[in-house]
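The values are calculated or read from the model by the stated rules, or taken from the named source; none is laboratory data. Keep in mind the model is a prediction, meaning the values are calculated, not measured. All Cβ positions, even for glycine, are placed from backbone atoms using ideal geometry, and neighbour counts span all protein chains on display. Each accessible area value is taken on the protein alone, full model and side chains, heavy atoms only, with ligands, DNA and RNA left out. Shrake-Rupley method; radii C 1.70, N 1.55, O 1.52, S 1.80 Å.
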Amino acid sequence: ARCGGDICVQACANDPQVAVHAIRNLARVGFGTVAVRYSQLGFGRTSSTTRDQATPRNLFGFKDGTNNLKADQTDLLDKNVWVAEGDGPAWLTGGSYLITRRIRMRIENWDRTTLLEQERVIGRTKLDDIELDDAVKPPNSHVALNVIEDDEGNELKIIRHNMPFGEIGKGEFGTYYIGYSRTPSV
């Protein structure tokens, strides 16, 4: 129910009503040609994309997106995000592959987990956002599993935006993961 389609629109605003109105206007203008297949309303920001922005915390209370590429790192963006000529279809040159995932977060269980265990699951300290030493950080921690390498062992980066969603009383919370990459197999 939440996959497929040809166009993805991400509308962000300080007020969710503005984003909803923008999407409704686009759907109205495209009526008869396009249709909304699914949508996800979220709130807040959990990734920083410039050096001026502090990395916000996610619903688990950890900073999320600490190692995200920044907008001024154009050389890394060219290497990791933008599809170059010859990488794929000519129409995609200068574009990027979009990967999305709706991840449910079991906050009630998480809140009953000790701070030490939470930090081992994530691989970073909760308060200071410092990566744990390799001697302490489990190889299956979030941080360890998010190191992506190419065939030659070079670390690859992506741009990611995580958008929290949920509603108190409904019991379903999570993050809508949105990633942009030059190589979809990563």
Quiz item: Leaving out ligands, DNA and RNA, what percent of the accessible area of the chain is carbon and sulfur, probe 1.4 Å?
Solution: 52
Exercise. Which order do the peptides 34-41, 65-72 take when ranked by the mean count of other beta-carbon atoms within 10 Å per residue, highest first?
Key: 65-72, 34-41
Practice problem: Whole number in Å², please: accessible area per residue of the range 1-54, 1.4 Å probe, ligands, DNA and RNA not counted. | Solution: 84
Quiz item: How many Å² of accessible area per residue for the range 132-186, probe 1.4 Å?
Solution: 61
Quiz item: Of VAL121, ALA27, LEU77, which is farthest along the charge dipole of the chain in the positive direction, counting Lys and Arg as +1 and Asp and Glu as -1 at C-beta?
Solution: ALA27
Quiz prompt | Charge dipole magnitude, Cβ of K and R +1, D and E -1 - the chain, Cα centre, debye nearest 20 | solution = 960
Quiz prompt | Residue-by-residue Karplus 3J(HN,Hα) for the range 74-79, coefficients 6.51, -1.76, 1.60, Hz, glycine and proline x | solution = 4, 5, 6, 5, 4, 6
Quiz item: When the solvent-accessible surface of protein heavy atoms is calculated with a 1.4 angstrom probe, in what order do PHE60, PHE43 fall, highest first?
Solution: PHE43, PHE60
Exercise. At a temperature of 4 °C and a viscosity of 1.567 mPa s, determine how fast the chain diffuses translationally according to Stokes-Einstein, using the Kirkwood radius over alpha-carbon pairs as Rh; express D in µm²/s, rounded to the nearest whole number.
Key: 70
Quiz prompt | In sequence order, calculated HN-Hα J values of the range 152-164 (Karplus, 6.51, -1.76, 1.60; Hz; x Gly/Pro) | solution = 8, x, 7, 6, 9, 10, 9, 9, 9, 10, 10, 10, x
